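These notes concern the structure reproduced below.
The values are calculated or read from the model by the stated rules, or taken from the named source; none is laboratory data. It should be emphasised that the depicted structure is a prediction, and the values quoted were computed from it without experimental measurement. For neighbour counting, all protein chains shown are included, and Cβ atoms are generated from backbone atoms with ideal geometry for every residue, glycine included. Protein only, heavy atoms only, side chains kept; ligands, DNA and RNA dropped before computing areas. Shrake-Rupley method; radii C 1.70, N 1.55, O 1.52, S 1.80 Å.
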Amino acid sequence: MKALWLAVVLAITATLAHADEMVDLVSQYRRAHGLSAVKIDPQLTAIAEKQAKAMAASGVMDHSVAGSFSSRVAGAHSGVAAENIAAGLKTWPDTLRAWKNSSGHNANLLLAKADSVGFAVARNENTRYKTYWAMVIADKSPRKKPGGKVAAKGEPRRSYASAEVSEPSENPLNALKSLVCKYLC
């Protein structure tokens, strides 16, 4: 039993150390481009973890394998939000380098209003790619209403992802209404 607890503690410690490295590298990159650093957010980490695990379980690299991005990020109370995914890359530096070299992924890394981020990696040796990465980056600062007041908790915040994800993160009925009005109104 002690060995099991030791293994769990070591796994958690390794994950936390890995997350610190990940956020440090993204923050350094953002600061080099004149943007603010980001901090780890538990809600965004949970969303990224759900996505990475779903990709690993299915062996498919796809933004919607764990459900639409808008539905997954809806409860995170974020403003602007975006997601990067990758598969087949063995290390975090390799994954970050690939995202920097992709215009859509790079735009997400450099999301101007972002202040929070969550990362996850999942493995499945029985799949083509073996390793699956997910990052969710967002603006989680309190939203200001016109006149400088902070929005009330639970008040809807409109979110969206870059063209890489391309789904608005809002109430699905409002999204449908907007789509219909786009073409009929």
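For the range 55-70, does any single residue satisfy the condition of being at pLDDT 95 or above, out of contact with any helix residue (DSSP H, G or I) (no Cβ under 9 Å at 6 or more places or on another chain) and of a type in the set (Ser, Thr, Tyr)?
yes
Give the range 69-108 a look and list any residue that's free of Cβ contacts under 8 Å to residues at least 40 places away in the same chain and aliphatic (A, V, I, L, M), or say none.
Result: Ala98, single match.
Since Ser102 meets every condition but one in (1) polar (S, T, N, Q); (2) more than 17 Å from Ala46 (Cα to Cα); (3) surrounded by 16 or more Cβ atoms within 10 Å (Cβ to Cβ), which condition does it not meet?
That leaves (3) as the condition not met.
Which condition does Lys90 not pass, out of (1) touching a helix residue (DSSP H, G or I) at 6+ places or on another chain (Cβ under 9 Å); (2) not in a helix (DSSP H, G or I), if it passes all the others?
Lys90 satisfies all of (1) touching a helix residue (DSSP H, G or I) at 6+ places or on another chain (Cβ under 9 Å); (2) not in a helix (DSSP H, G or I) except (1).
Only residues that are assigned to a loop (DSSP other than H, G, I, E, B) and either exposed (fewer than 15 other Cβ atoms within 10 Å of the Cβ) or β-branched (Val, Ile, Thr) (or both): list them for the range 65-75, please.
If the condition is that a residue be assigned to a loop (DSSP other than H, G, I, E, B) and either exposed (fewer than 15 other Cβ atoms within 10 Å of the Cβ) or β-branched (Val, Ile, Thr) (or both), then no residue fits.
Residues to consider are Val117, Val60; find the one that is open to solvent by less than 40 Å² (accessible area, probe 1.4 Å) and either of a type in the set (D, E, K, R) or not in a helix (DSSP H, G or I) (or both). Please lay out each step first, then the result.
Values: Val60 fails: open to solvent by less than 40 Å² (accessible area, probe 1.4 Å).
Just one listed residue meets the conditions, Val117.
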